[in-house]
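What follows is a short report on a single structure.
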Amino acid sequence: MTIAFLNDQFLPLEEARISPMDRGFLFGDGIYEVIPTLHGKAVGMNAHLDRLQNGLDELAITNPKTKAQWTELVSELVTKNTQALNSASVGVYIQVSRGTEMKRAHGYPDNITPTVFAFAFATAAPPVPDKAAVVTFDVASGEDKRWQRCNIKSTSLLGNVMHYQQGRQAGKQEIILLNSRREVTEASSCNVFVVKEGIIMTPPLDHQILPGITRKLVIESLAAEGVEVQEVPVTAEVLFSADEVWLTSSSKEISPVTSVDDKPVGNGQAGDVWLKAITAFNKHKFTL
Ligand code: PMP
């Protein structure tokens, strides 16, 4: 049994209840974050809380907690669930919806109290920095059919959920999405990096992708080692002729992709540049 947090109260997750009139339920009207922790230490806390604030600002929802209060909540949830989860890697999910109103109307209501929900869960162990032992990903590709505000970490995830399922139906663990210009945007739940002829590239930040915190930490940790990442459009042609492809997210950190649509990436194994990147990431991830 794990302990969750709902509207200022800790309680067993199974007992957490909200009204079906919550706008998070009716409209997906809310923002969420997933903050990774390892042995109780958070990775990228400040950046996650900045992104939460940006998302809430976009939706004109008042942030119900200060950064210090969120940090405290994350750490309390990890502590309260350490025994139950029995895992060195714990993710903390936090969600703020606009709140509950006893009528269903699209317009933002005045004077509504946001609903705050958070819980902790065990995540897969981070990738091991070993080319032969790391868990690799086989992915599909497909046209990005989501909305024009993918930079907002909204709880309205249906587009992402449907794309993830599309990949799964193709027998793959993720799907890399391409816009109408056949440029890579991101994957259904991760950002994408490619390496070609020694150049590391990732699509630039705009409305088409989530500004991933892992993406940011990867760029910064490589920069700290004197290695540049180019934030440039990545065409399908570059993707399919890349030497390496990586997925980045809070739970996957940097994970190598070894095939796209059954075509091997490079030599079909985790690459040397990936090893350099995960080594830099591990060196800097708690201090950036
Ligand atoms: N893109 C999407 C669509 C995501 O849902 C996520 C988070 N799972 C990411 C990218 C990666 O973001 P982060 O590194 O902040 O986990």
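Observations on the structure shown:
- Acute angle (nearest 10 degrees) that the helix 272-284 long axis makes with the longest principal axis of the chain, alpha-carbon atoms: 40
- Computed accessible area, residue 286, all protein chains, 1.4 angstrom probe, square angstrom: 80
- A straight chain from residue 180 to residue 143 at 0.36 nm per residue would run longer than the Cα-Cα distance by 12.6 nm.
- Each residue of the stretch 172-183 was assigned a 3J(HN,Hα) from its phi angle through the Karplus curve 6.51 cos²θ - 1.76 cosθ + 1.60 (θ = phi - 60°); the sequence is 10, 8, 7, 9, 8, 9, 10, 7, 5, 8, 6, 10 Hz, with glycine and proline shown as x.
- Where 104, 17, 215 fall by accessible area, highest first, once all protein chains stay in place (1.4 Å): 17, 104, 215
- Prolate/oblate/rounded call for the stretch 207-288, Cα gyration tensor, a/c under 1.5 rounded: prolate
- Order of exposure, largest accessible area first, which applies to 33, 183, 72, 228 with probe 1.4 Å: 228, 72, 183, 33
- Estimated [θ] at 222 nm from DSSP helical runs (n ≥ 4, -39500 (n - 2.57)) normalised by residues in the chain, nearest 500: -8500 deg cm²/dmol
- Net charge over other residues, Cβ less than 12 angstrom from the Cβ of residue 48 (K, R count +1; D, E count -1): +2
- Net charge, residue 68 excluded, C-beta distance under 15 Å - Lys, Arg +1, Asp, Glu -1: -1
- Gyration tensor (alpha-carbon) shape descriptor, the stretch 73-127, a/c threshold 1.5: prolate
- In plain terms, the chain from residue 80 to residue 21 could stretch by 18.3 nm, reckoned as 0.36 nm per residue minus the Cα-Cα distance.
- Cα shape, the chain, gyration tensor, a/c 1.5 rule: prolate
- Taking only the C-alpha atoms of the stretch 1-143, Rg followed by Dmax gives 17.2, 56 Å.
- Heavy-atom accessible area with a 1.4 Å probe sorts 163, 39, 106, 284, largest first, into 39, 106, 284, 163.
- Applying the Karplus relation 6.51 cos²θ - 1.76 cosθ + 1.60 with θ = phi - 60° to the stretch 56-70 yields 3J(HN,Hα) values of 5, 4, 4, 9, 6, 9, 6, 5, x, 9, 7, 4, 5, 5, 5 Hz, where x marks Gly and Pro.
- Per-residue ³J(HN,Hα) for the stretch 84-101, Karplus 6.51 cos²θ - 1.76 cosθ + 1.60, θ = phi - 60°, Hz, x for Gly and Pro: 5, 7, 6, 9, 6, 9, 10, x, 10, 8, 10, 9, 10, 9, 4, x, 10, 9
The values are calculated or read from the model by the stated rules, or taken from the named source; none is laboratory data. Source: prediction; values computed, not measured. Note: ideal-geometry Cβ built from the backbone for every residue, glycine included; neighbour counts use all protein chains shown. Remember, those area values only see protein heavy atoms, side chains included, never the ligands or the DNA or RNA. Shrake-Rupley method; radii C 1.70, N 1.55, O 1.52, S 1.80 Å.
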